[in-house]
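For reference, the structure is listed below as structure tokens.
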Amino acid sequence: MRIPTAALFAKRQARTPQNEAEVPFQEILPLRLKNTVSGKADSGSDVACLQEMSVLFACLKENDFVEKMCHKEITQFKRCYKVYMDRKATAKETINKGIVTPGKELNYKQLNKYMRRFPNPE
Amino acid sequence: MNNFVRTFLPRLVAVRQMSAYPKHYVEPIFTREAQLAAKEQDEYNKLLHVPTKATKNDESLSVFYNPIVQKVINYMTYGGNKKLARELFDKSMECVKRTQIERINLGKLEDATADPYALLLQAIENSRPLLQLTAIKRGGVTYQVPVPITEKRSYFLAMKWLLEAAREKERKVHFPEKFAWEILDAAYGQGRVIKKKNDLHRQAESNRAYAHYRWS
């Protein structure tokens, strides 16, 4: 018969808590926030125009991949991607200019510039 | 100052020697339409006194100038031999025109154009893909993910496919001839290049479930 493990160890005493003096706290990383943020999160996902793409695929499949029949869907898809790319380009341009405007939507470069002005006390 | 730097500190300071124009030089506006469009706006007066780069030697405002045609010739060029590419291109244009005129005279086609340049542009326009597939690795498996395509790249792919199809031929057939056939086929929405494009679209459609995988 299989004995449950909990029953086997039930008689043993509970572990004694550690002595706090014997285990001093080590500050491995400094216990305060850095004055910088990394730019990794800002790269974001590149997924754009998924809706338009699925509409286009549906149309193409229905019409046996004849593009003439899906003129509207094709133009919409192309326009969507163009708008997306344009917006990306302008966003990049503003980042590279490095102008800091106070507000909620700051990218990492602007944030770093801002935080350099008000650093954490050492 | 620069001379001093070059003679006394040859390796320590990087000097941009190969750039022909300083950065403040602007690109020339060489086409008639672009010039007129610039004149409409205030931009034109600004450009009057700004140093401008020279026009490239294959760009002109001639009626025979077409940027896409120039691109085709550039993509055809092999090993820097543009002269040969231009000759082959002209020959294939002649071939397109001859076959087209022959077909028109035989009464096979109704109200068709015999302008080879128009046919070439039509062929390129017909073979442009709407999307492309990029390989993205997720969890050890490579997925072919459909991704939208920029206008420039779609033109590039269309021309590349046309030229690839033309180069894949028997040894006895000459390039201009084969290229002309491919152009004519593609201009009428048939042939291998159009099939290649449709195959790509089909594959993209069957891989549509992976479309949200892209991130790069």
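Structure summary
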{"quantity": "Checking A:Lys104 against (1) modelled with pLDDT under 80; (2) touching a helix residue (DSSP H, G or I) at 6+ places or on another chain (Cβ under 6 Å), the condition it does not meet", "calculated": "(2)"}
{"quantity": "Residue that is under 23 Å from B:Leu84 (Cβ atoms) and touching a Phe, Trp or Tyr at 6+ places or on another chain (Cβ under 8 Å), where the choices are B:Lys172, B:Lys160, B:Lys178, B:Lys197", "calculated": "B:Lys160"}
{"quantity": "All positions within region B:108-166 that are within 13 Å of chain A (Cβ to nearest Cβ), of a type in the set (Val, Ile, Thr) and open to solvent by less than 30 Å² (accessible area, probe 1.4 Å)", "calculated": "B:Ile136, B:Val145, B:Val147, B:Ile149"}
{"quantity": "Residue in region B:194-201 that is over 30 Å from B:Val141 (Cβ atoms) and within 13 Å of chain A (Cβ to nearest Cβ) present", "calculated": "yes"}
{"quantity": "Wholly enclosed helices (runs of 4 or more DSSP H) of region B:29-96 bearing at least 3 residues assigned by the TED database to the domain that holds B:Glu182 and in contact with a Cys (Cβ under 6 Å, 6 or more places away or on another chain)", "calculated": "none"}
{"quantity": "Top-ranked residue of region A:60-81 - restricted to ones that are open to solvent by 70 Å² or more (accessible area, probe 1.4 Å) and facing another protein chain (nearest Cβ under 8 Å), ranked as nearest to B:Gln132 (Cα to Cα)", "calculated": "A:Lys78"}
{"quantity": "Filtered residues of region A:101-115 (kept if over 17 Å from A:Ser38 (Cα atoms) and either open to solvent by less than 90 Å² (accessible area, probe 1.4 Å) or under 21 Å from the mean Cα position of the chain (by Cα) (or both))", "calculated": "A:Thr101, A:Gly103, A:Lys104"}
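The values are calculated or read from the model by the stated rules, or taken from the named source; none is laboratory data. None of these values were measured; they are calculated from a predicted model. In this analysis, Cβ positions are derived from the backbone assuming ideal geometry, glycine residues included, and neighbour counts consider all displayed protein chains. These area figures cover heavy atoms from the full protein model, side chains too; ligands, DNA and RNA do not enter into them. Shrake-Rupley method; radii C 1.70, N 1.55, O 1.52, S 1.80 Å.
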